[in-house]
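Peer 1: What follows is a structure written as structure tokens; I'll ask about it next.
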Amino acid sequence: MTENNELSKNYMRSAWKIMLEQDLFSSLEILRKEMRYHGLEKVKPTLVARFGKIRSPGPSVSLENLQKNHVNETCLRHSKRSFYSKVPSSYMKNIVDEVVQKIGIDFEGEKDIYHVKVELNQVCQMIADISYPDKNLDLRLMLCSKRILTADLTDAEIISIKELVSSAVLDSDVKGGLRWPVGKTSSRDRFSVVGVWHTVTRAYSSPSLRLIVRHADRYDFRTGFGEAGKEVHMKLKGIVSEFMEQGAQNDSVSDMLKDSLKLIWDNFLCCEPFLT
């Protein structure tokens, strides 16, 4: 690699860091203050890096934007662009066979799970979509928080949910792997099934991150659309934990963000064949 190419790589990683840092720190600080003010000790914040392609129209953050200093702040906040996270089998195989060992993370376990989607209680504080011409995968960085419900369900609600789940039938020929008998997708006019996933997930972890590779088969009852595919994403748990600790210094979090972006840049944003 020529010296100019190496300088370009270093510049891009530094630009990513500068671009993301202010918005990420601001979002984390807002979330931390909200948790303290409302006493939301049962809120679980997560910083997730997804790898795929930005699909819908709209501005994305690219090297040209950075060089011209025309970064649109709204690009770093709540985005209405879709992000296509399906990756080729060859990409996932490379991650599992080579990258996992290269970056020094350990196999944690495998789970085969059916998810019945009744209610979504995850809130997204920040979305940043980033693309670069010399990479054929894009990056979506998301800061999310999932509030654990503290209010107890009534006995009737518990019975309704149990009835809804227990009436599901395993069926490998349908999207999502589960089907319901006619008229059984709702229970007592209180709950209804809006989607179902069947995921086979392999997890790898280190003290600072958790890598997820999975095959996901989804079906959305509201749209009638289903799709199966392979996905890879990473939870940057060290950054959030460090920031949320009392007295955490931005310098240490900044260094962790820099290291994480370098790891992503070097190992997760190239795949063949090119996604179209």
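The values are calculated or read from the model by the stated rules, or taken from the named source; none is laboratory data. Here the structure is a predicted model, which is why all the values come from computation and not from measurement. Cβ: placed from backbone, ideal geometry, glycine included. Neighbour counts: every protein chain shown. When the accessible area is computed, the model is the full protein with side chains, heavy atoms only, and any ligands, DNA or RNA have been set aside. Shrake-Rupley method; radii C 1.70, N 1.55, O 1.52, S 1.80 Å.
Peer 1: Any idea which residue in segment 256-274 is modelled with the highest pLDDT, counting only those that are surrounded by fewer than 16 Cβ atoms within 10 Å (Cβ to Cβ) and assigned to a loop (DSSP other than H, G, I, E, B)?
Peer 2: Among them, the one singled out is C270.
Peer 1: Hey, another quick one. Tell me, please, whether a residue that is farther than 23 Å from G109 by Cβ and over 19 Å from the mean Cα position of the chain (by Cα) can be found in segment 195-213.
Peer 2: Looking only at segment 195-213, we keep the residues that are farther than 23 Å from G109 by Cβ, and these are 195.
With over 19 Å from the mean Cα position of the chain (by Cα) added as a condition, the list becomes none.
Checking segment 195-213: not a single residue is farther than 23 Å from G109 by Cβ and over 19 Å from the mean Cα position of the chain (by Cα).
Peer 1: If you don't mind, another one. Hey, among the residues in segment 152-176 that are open to solvent by less than 60 Å² (accessible area, probe 1.4 Å) and either among the β-branched types (V, I, T) or farther than 21 Å from W197 by Cα (or both), which one's farthest from the chain's Cα centre (by Cα)?
Peer 2: Taking segment 152-176 and keeping what is open to solvent by less than 60 Å² (accessible area, probe 1.4 Å), we get 156-157, 160-161, 164, 167-169, 171, 174, 176.
Those left that are additionally either among the β-branched types (V, I, T) or farther than 21 Å from W197 by Cα (or both): 156-157, 161, 169, 174.
Numbers: A156: 34, E157: 30, I161: 27, V169: 29, V174: 26 Å.
Of everything passing the filter in segment 152-176, A156 is farthest from the chain's Cα centre (by Cα).
Peer 1: Could you look through segment 216-237, keep only residues that are touching a helix residue (DSSP H, G or I) at 6+ places or on another chain (Cβ under 8 Å) and open to solvent by less than 10 Å² (accessible area, probe 1.4 Å), and pick out the one that is nearest to C271 (Cα to Cα)?
Peer 2: V232
Peer 1: Specify which of the listed residues (K184, K175) is in a loop (DSSP other than H, G, I, E, B) and touching a strand residue (DSSP E or B) at 6+ places or on another chain (Cβ under 8 Å). It would help to see each step written out before you state the result.
Peer 2: Values: K184 fails: touching a strand residue (DSSP E or B) at 6+ places or on another chain (Cβ under 8 Å).
Every option except K175 fails the conditions.
Peer 1: Name the residue that is modelled with the lowest pLDDT, counting only residues in segment 94-132 that are within 19 Å of Y84 (Cα to Cα) and of a type in the set (S, T, Y). Show your work before the answer.
Peer 2: Initially, segment 94-132 is screened for residues within 19 Å of Y84 (Cα to Cα), giving 95, 124, 126-132.
Among the residues that remain, those that are also of a type in the set (S, T, Y) are: 131-132.
On the way: S131: 83, Y132: 79.
Checking each candidate, the answer is Y132.
Peer 1: Kindly indicate whether S241 is in contact with a strand residue (DSSP E or B) (Cβ under 8 Å, 6 or more places away or on another chain) and free of Cβ contacts under 8 Å to residues at least 60 places away in the same chain. So that I can check it myself, show each step before the final result.
Peer 2: Details: in contact with a strand residue (DSSP E or B) (Cβ under 8 Å, 6 or more places away or on another chain): no; free of Cβ contacts under 8 Å to residues at least 60 places away in the same chain: yes.
No.
Peer 1: Please state which one of V165, V240, V232, V253 is part of a strand (DSSP E or B) and either modelled with pLDDT under 90 or under 30 Å from I130 (Cα atoms) (or both). Talk me through it step by step, then tell me what you get.
Peer 2: Numbers: V165 fails: part of a strand (DSSP E or B); V240 fails: part of a strand (DSSP E or B); V253 fails: part of a strand (DSSP E or B).
Residue meeting the stated conditions: V232.
Peer 1: Do you know which residues across segment 177-191 are of a type outside the set (F, W, Y), farther than 30 Å from V96 by Cα and open to solvent by less than 30 Å² (accessible area, probe 1.4 Å)? So that I can check it myself, show each step before the final result.
Peer 2: Quick first cut of segment 177-191, residues of a type outside the set (F, W, Y) only: 177-179, 181-190.
With the extra rule that they be farther than 30 Å from V96 by Cα, the set shrinks to 179, 181-190.
Residue satisfying the conditions is S187 alone.
Peer 1: Can you report the number of residues in segment 181-190 which are at pLDDT below 80 and touching an Asp or Glu at 6+ places or on another chain (Cβ under 9 Å)?
Peer 2: Total meeting the criteria: 3.
Peer 1: Do you know which of the residues in segment 97-113 that are in a strand (DSSP E or B) and either touching a Lys or Arg at 6+ places or on another chain (Cβ under 8 Å) or not acidic (D, E) (or both) is most open to solvent (accessible area, probe 1.4 Å)?
Peer 2: Initial filter on segment 97-113 (in a strand (DSSP E or B)): 106-113.
Pick out the ones that are also either touching a Lys or Arg at 6+ places or on another chain (Cβ under 8 Å) or not acidic (D, E) (or both) and you get 107-111, 113.
Numbers: F107: 107, E108: 93, G109: 23, E110: 108, K111: 127, I113: 64 Å².
Here the answer is K111.
Peer 1: Inside segment 192-215, can you point out the residues that are closer than 25 Å to L257 by Cβ, open to solvent by 40 Å² or more (accessible area, probe 1.4 Å) and modelled with pLDDT of 95 or more?
Peer 2: R210
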